[in-house]
Structure formats: C-alpha cells, structure tokens
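Every read-out reported here was derived from the displayed coordinates using simple, explicitly stated rules and does not represent laboratory data. As the structure is a computational prediction, the values presented were derived from the model and not from experiment. We place every Cβ from the backbone using ideal geometry, glycine too, and count neighbours over all the protein chains shown.
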Amino acid sequence: MVVRMRHTKSKRNRVRSHHALAPVKFGACSHCKAPILGHTVCKNCGYYKNRQVVDVLARLDKKERKKKEKELHEHEEEAAKKGETLNAEELSHK
C-alpha cells in the first residue's frame, strides 16, 4: 500500500524544527541566593517567597545535621572576623 499524501523530507524537518528542548532556567533564592527552580521551596534554606516554610535542620538525620551545624559555625566565625554580629539562627537562614 502506498501513502496517498506523502510529506517531503523538507516538510518533515520543518515540522520537527520546533521539537527541540529548551534549557532549564534557574532563578536565585531570595534569601540565600542559591540557584533554584521557579515556584519551589529552596532546598538549602527552606524559604519560599521570603518566608520560612520548611525547617531544614529538623528534616536532616543526625550526621547531616552535625555537618550543617558545623558549616553554620564556620560562617559565624567568618562573620566575627569581619566584625559582623550575627547569631546562629540568622546564619542558618542566610
């Protein structure tokens, strides 16, 4: 059986030219400036639209929580060297 209305190669290629995938565009978290997808909660700090929605430290297991607290403590020491006065809670949200 022969196809009655056959499309040419150029027609096929013109149609397929619009099937390309667009690259994913990341935004920046308004609180910690980490790259995130739009309209999602930041996995780094747990903020969405300038509000804390998820307590990130509470969701971590013991080993990960200890690592995150150590990281926050290092940021606190860096801030003290620069002369900034920030407490641990402010740093965890930074």
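Between T40 and M5, with labels modelled 7 Å along Cα→Cβ, what's the label distance in nm to one decimal, could you check?
So the two model labels end up 4.2 nm from each other.
Tell me the mean residue ellipticity at 222 nm calculated for the chain from its helices only (DSSP H runs of n ≥ 4, each -39500 (n - 2.57), averaged over every residue, nearest 500).
Theoretical 222 nm ellipticity from helices: -11500 deg cm²/dmol.
Using the Cα centre of the chain as the reference point, and only Cβ charges (+1 on K/R, -1 on D/E), how large is the resulting charge dipole? Debye, rounded to the nearest 20.
1500 debye
Using θ = phi - 60° and the Karplus curve 6.51 cos²θ - 1.76 cosθ + 1.60, what whole-Hz ³J(HN,Hα) does each residue of segment 72-79 get, with Gly and Pro shown as x?
5, 5, 5, 5, 5, 5, 4, 5
Given (1) 19.3, 54; (2) 13.8, 43; (3) 24.4, 83, which label gives Rg and Dmax of the Cα atoms in Å as computed from the coordinates?
(3)
Taking only Cα atoms and a 10 Å spring cutoff, compute GNM fluctuations for the chain and point out the largest among K63, K49, K25.
K63
At a Förster radius of 35 Å, what calculated FRET efficiency corresponds to the Cβ-Cβ distance of E74 and F26, to the nearest 0.05?
0.85
For the chain, calculate the relative contact order in percent as a whole number, restricting contacts to Cα pairs under 8 Å that are 6 or more residues apart.
It comes to 16 percent, rounded to a whole number.
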